[in-house]
Every structure is written in C-alpha cells, then in structure tokens.
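Below is one structure; the comments refer to it alone.
The values are calculated or read from the model by the stated rules, or taken from the named source; none is laboratory data. Keep in mind it's a predicted model, so treat the numbers as computed, not measured. Positions of Cβ are generated from backbone atoms using ideal geometry, with glycine treated the same way; all protein chains shown enter the neighbour counts. With ligands, DNA and RNA removed, areas are computed over all heavy atoms of the protein, side chains included. Shrake-Rupley method; radii C 1.70, N 1.55, O 1.52, S 1.80 Å.
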Amino acid sequence: MTAAPARRRLVFLVGAHKTASSHLQQSLLDAAPALSARGVAILPPKLIRADLTPVSALVRDGISPEIGQGAGAAFLSLHGGPAPTIVLMDENILGSTDRKMLMRKTRLYPWAHHRLGRILALFPGHEIEIGLAIRSPASFLPSCWSESLHHGPFEPFRRFTKAVDPLALRWSALADRLHDAAPHARIIAWRYEDYPQVFPQVTTRLLGPNAAATVTPVDRIMRPGLSAEAAQWLGQQQAPDKDTVLAARKRFPKQKNTPGLDPWTAADHAAMASAYADDTATLAACPHVDLVTPPARP
C-alpha cells in the first residue's frame with residue numbers, strides 16, 4: 001500500500017452558494033474513480049459536515065490543538081487515503097444562505113474567516129488552496145433568497161435584504177478576510193457568469209491538467225431556484241411554509257422561458273453591474289488571488 005505523503009495539497013472548494021457549486025461538485029464526484037487513479041481524492045460536502053464541522057466547532061470552544069490536529073490527520077487518512085491532492089467541497093464552510101450567515105451590512109459571509117480558520121487549524125503543514133466562485137449581487141441575492149426557503153421560514157425578498165446595501169457587498173473584501181485566516185493559501189477565483197467558458201481552466205487549475213482531462217461537466221442544472229412566477233404566487237399566500245414553497249416550485253418550475261425573480265429596476269441593474277465590475281477588478285489585483293477568466297478571443 002502506498003504511504004500517504006506527510007505534506008499534501010488540500011483544495012477547499014468553498015462555493016460560494018448559488019454559483020454553480022453543486023454542478024462543479026457533481027462533475028468532480030462523477031469523475032472520482034478516474035481522479036483517484038491520478039492521485040486526487042474528492043470529498044463531498046456530507047463528509048465535511050459529518051466529520052470536520054463538528055471538530056472545528058470544538059476548536060472554537062478551546063479544544064487542545066494536538067487533539068484537533070490528530071482528528072484532522074485521521075480525517076485525511078480515512079477519507080483521502082494516500083492521495084497527494086485532496087479536494088474538500090463544502091459551501092457551508094463560508095456560512096449558509098440564512099441571511100444572518102450570508103450577509104451583514106456591507107459584508108458577505110460575515111463569519112467566513114473565522115469558520116475557515118477553525119477548519120484549517122486541523123491541517124497544519126499542508127499546502128492549502130481555496131476555490132471561490134463569485135456572482136453579481138443582482139442575481140446572487142435573489143438566488144440565495146430562493147435557496148434559503150428550503151431551510152427556514154418564508155420571508156419576502158425585501159425583508160431578506162432589508163439591512164444590506166447590495167452596492168456595498170464586495171467579494172474582494174471577503175477574499176481579503178479569507179486571506180487573513182489563511183495567509184499562506186492561494187485563492188483561485190472565477191465568476192459564475194463565466195463558469196461555462198472557464199470550466200476547463202478551473203478544473204485544470206484545481207486538479208492539474210492530467211487529472212482535469214478526466215472531468216466532464218454534468219449535463220443538467222443542479223438545484224434550480226424559484227421562478228419569478230413561483231415567487232409572485234408565494235407572495236400571495238397566507239403564511240406560506242416549506243410545503244407551500246415546494247408546491248410553488250412544482251407548480252411554477254424555473255425553466256429557460258420562466259426565469260427567476262428579478263426585483264431590481266434598470267437603474268439598480270446598472271449600478272450593481274458597475275460595482276461588480278469594480279469589485280472583480282479589485283479581486284483580480286489581489287496578490288493572493290488567481291482570477292480565472294475566459295480565454296481571449298482571437
């Protein structure tokens with residue numbers, strides 16, 4: 001049996017939520033046997049949430065570092081085998097789509113740096129990279145609102161975003177906070193809007209060219225959100241609950257000709273597009289970030 005290397009490359013795919021993260025996860029999981037043969041282990045969110053998240057909570061509560069690191073080593077041995085590269089996938093490392101975990105005033109994922117730091121404390125001595133997809137707040141916020149209805153009580157979109165200025169939300173600021181939690185890690189970032197075009201580049205950057213050649217994007221939409229019709233119908237119901245939300249999804253499915261909720265004016269869209277472009281440029285200029293962009297057209 002091949003011995004595990006003392007120092008591994010750990011790639012944390014942290015989402016963000018609603019940036020085709022489930023699509024990327026499933027594409028990697030489908031290729032997991034071929035990737036394993038090339039020295040890459042793919043670990044799904046359920047393993048992270050079952051075996052790592054509880055231990056990271058103990059780090060917060062003051063567990064002995066040696067015990068936490070022992071748990072981290074056992075986790076890698078159990079789930080990663082001898083693979084020199086392990087991809088750990090879980091958007092909930094950043095937070096969740098619950099509005100208190102998703103955004104606070106001008107911050108996206110206000111506790112993400114603390115949460116990531118507690119996870120990484122379990123893995124000293126390894127090479128760390130962080131995969132992060134970003135998305136314009138104009139579509140990110142409605143999509144996260146839709147996702148949040150899977151898990152909590154119904155609230156209108158305007159209440160979901162009432163304490164937040166979408167123009168002030170900055171992915172570059174989140175990347176800076178993640179860098180503070182992991183100063184020696186590289187952050188590999190890409191835009192959700194570019195995802196179909198940069199999929200080969202992203203997988204190559206995350207896995208290496210030999211391993212990436214085995215990965216094919218799955219041919220289906222993962223976790224579609226609410227259609228605008230479903231959102232409008234829900235707003236007309238008295239005290240809708242999770243069952244009502246499920247009924248709305250089935251009755252008014254989101255499809256190509258039935259897009260998702262768009263709560264913004266034309267002026268809102270213009271302002272958010274400008275802010276997102278500025279934010280993307282700032283992110284690209286960060287020395288700790290590698291922004292993957294579409295190939296230049298000839």
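Residues in the range 69-86 include at least one that is touching a Phe, Trp or Tyr at 6+ places or on another chain (Cβ under 7 Å) and without any contact (Cβ under 8 Å) to a residue 60 or more places away in the chain. If the requirement is being modelled with pLDDT of 95 or more and of a type outside the set (Val, Ile, Thr), which of these qualifies: ALA185, ALA163? Criteria check complete, one pass: ALA185.
Restricted to the range 95-130, and to residues that are among the aliphatic types (A, V, I, L, M) and open to solvent by 20 Å² or more (accessible area, probe 1.4 Å), which residue is farthest from ARG7 (Cα to Cα)? Among those residues, the one meeting the criterion is MET101.
Within the range 12-37, residues that are over 18 Å from LEU52 (Cβ atoms) have Cβ atoms under 8 Å from residues that are of a type in the set (Lys, Arg) and at pLDDT 95 or above in these pairs: ALA16/ARG135; LYS18/ARG135; THR19/ARG135, counting only partners at least 6 apart in sequence or on another chain. Has the range 199-221 got any residue that is modelled with pLDDT under 95, in a loop (DSSP other than H, G, I, E, B), surrounded by fewer than 18 Cβ atoms within 10 Å (Cβ to Cβ) and not hydrophobic (A, V, I, L, M, F, W, C)? Yes: the range 199-221 contains one or more residues that are modelled with pLDDT under 95, in a loop (DSSP other than H, G, I, E, B), surrounded by fewer than 18 Cβ atoms within 10 Å (Cβ to Cβ) and not hydrophobic (A, V, I, L, M, F, W, C).
Restricting attention to the range 242-264, the residues being aliphatic (A, V, I, L, M), more than 25 Å from ASP165 (Cα to Cα) and open to solvent by 40 Å² or more (accessible area, probe 1.4 Å) number 2.
Regarding the range 265-285, can at least one residue be identified that is in a loop (DSSP other than H, G, I, E, B) and surrounded by 14 or more Cβ atoms within 10 Å (Cβ to Cβ)? No, that holds for no residue.
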